1. Report the antiparallel proportion of the DSSP beta bridges in the chain as a percent, rounded to a multiple of 5.
2. When you have a sec, figure out the Kirkwood radius of region 217-257 from all distinct Cα pair distances and drop it here in Å to one decimal?
3. Using only the alpha carbons of region 191-270, what is the convex hull's orientation-averaged projected area in square nanometres?
4. Got the relative contact order for the chain handy, in percent, Cα pairs under 8 Å and 6 or more residues apart?
5. Using only Cα atoms, what Kirkwood radius does region 92-191 have, in angstroms?
6. With only alpha-carbon atoms counted, please give the Rg and Dmax of the chain, in Å.
7. From the Cα trace of region 136-226, what convex hull volume per residue do you get, rounded to a whole Å³?
8. Can you compute log10 of I(q)/I(0) for region 100-147 with the Debye formula, treating each Cα as one identical point scatterer, at q = 0.14, 0.21, 0.26, 0.29 Å⁻¹?
Amino acid sequence: MSDHHDRASHRFGGPWTETKLTILRKYLRAYTTALKNQSFTTGYIDAFAGTGYRSQAANDGPQLALPDLAGDQEEALLKGSVVYALETQPRFDRYVFIEQDAARCAALDALKAQHPDLAADIKVCSGEANEEIRSLCAKNWRDRRAVLFLDPYGMQVEWQTIKAIAGTKAIDLWLLFPLGIGVNRLLTRSGEIPEAWRHRLDVMFGTADWIDTFYRVESQPDLFNPAATTLVKARVDVIASYFVERLKAVFPAVAPNPRILRNSSGNPMYLFCFAASHPRALGIASDILRKID
Ligand SMILES: C[S@@+](CC[C@H](N)C(=O)[O-])C[C@H]1O[C@@H](n2cnc3c(N)ncnc32)[C@H](O)[C@@H]1O
């Protein structure tokens, strides 16, 4: 891998990545178009920003961002969420990119040179996503509106952060919820869940009552034991609905049709959720989710 390749892109995701970014891209365009003639300052916040580019086996992905660079390499450079946001027209007024990896922050900073007209309005924050978002949410949002994209690898997003986002009443949230890749794996078949895993689930859901939804005891009497019971673990669709309900507890407008993102074997990996304070935003997001292939 070339030096440029190491710094400017990083390898992540799977076949679902394209779907996720297409949904986001469509929403960003619809959003800035809808707010074009309003007096709000508009922002795009990417809290797990990466580098702006991603790499993937060259024959996997349709859209080469820098085909001349990728030509003789085994991997192609594809656009990531940050670059799609910078390319959105009409443009946002401000861009905030949060990333905890220092080398990736440097790659994000380097994007300013590729977008000189936007450079003064791009802020790269080197830090932990939950902390940075909560501090942004504590600001005065009266005259500001933003789209926030939360694209973690796993279970990094804490419920307190989601609550703080909802509390602004000014941020439209797209969140990659780790349905199969995180939660379903921590829910053991036996129901015996190590304390550290329980704690992670509590922090992510903001409550400990998930256990009552995700496990139920069924009676299975037989000839020798009429009182026999068995523990049944919830299917992923129950986990998905539970999380949508949690979002509804803090956001007035939550997409009822989040997108399940599957790997090439058809297993659900993530749930791509949308939540906002405004019904109009929900209408746009739901429409995009409904129409995506
Ligand atoms: C899946 S990648 C993001 C990809 C990006 N959205 C894109 O489309 O190009 C997740 C990124 O989050 C960063 N990250 C992981 N945990 C983090 C945290 N707690 N706070 C901030 N960044 C984090 C990783 O370094 C990685 O670059």
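What follows draws every value from the coordinates through simple rules; no lab data is involved. Treat the numbers as computed from the prediction; the structure is a model and nothing was measured. All Cβ positions, glycine included, derive from the backbone under ideal geometry; neighbour counts span all protein chains shown.
1. 50
2. Taking the inverse mean of 1/r over all distinct Cα pairs, region 217-257 comes out at 12.8 Å.
3. On the way: hull surface 31.2 nm².
Over every viewing direction, the Cα hull of region 191-270 projects on average to 7.8 nm².
4. Worked out over the chain, it gives 18 percent.
5. Result for region 92-191, one decimal place: 15.3 Å.
6. Using the Cα atoms of the chain, the pair Rg, Dmax is 20.6, 77 Å.
7. 117
8. Log10 of I(q)/I(0), two decimals: -0.46, -0.89, -1.02, -1.05.
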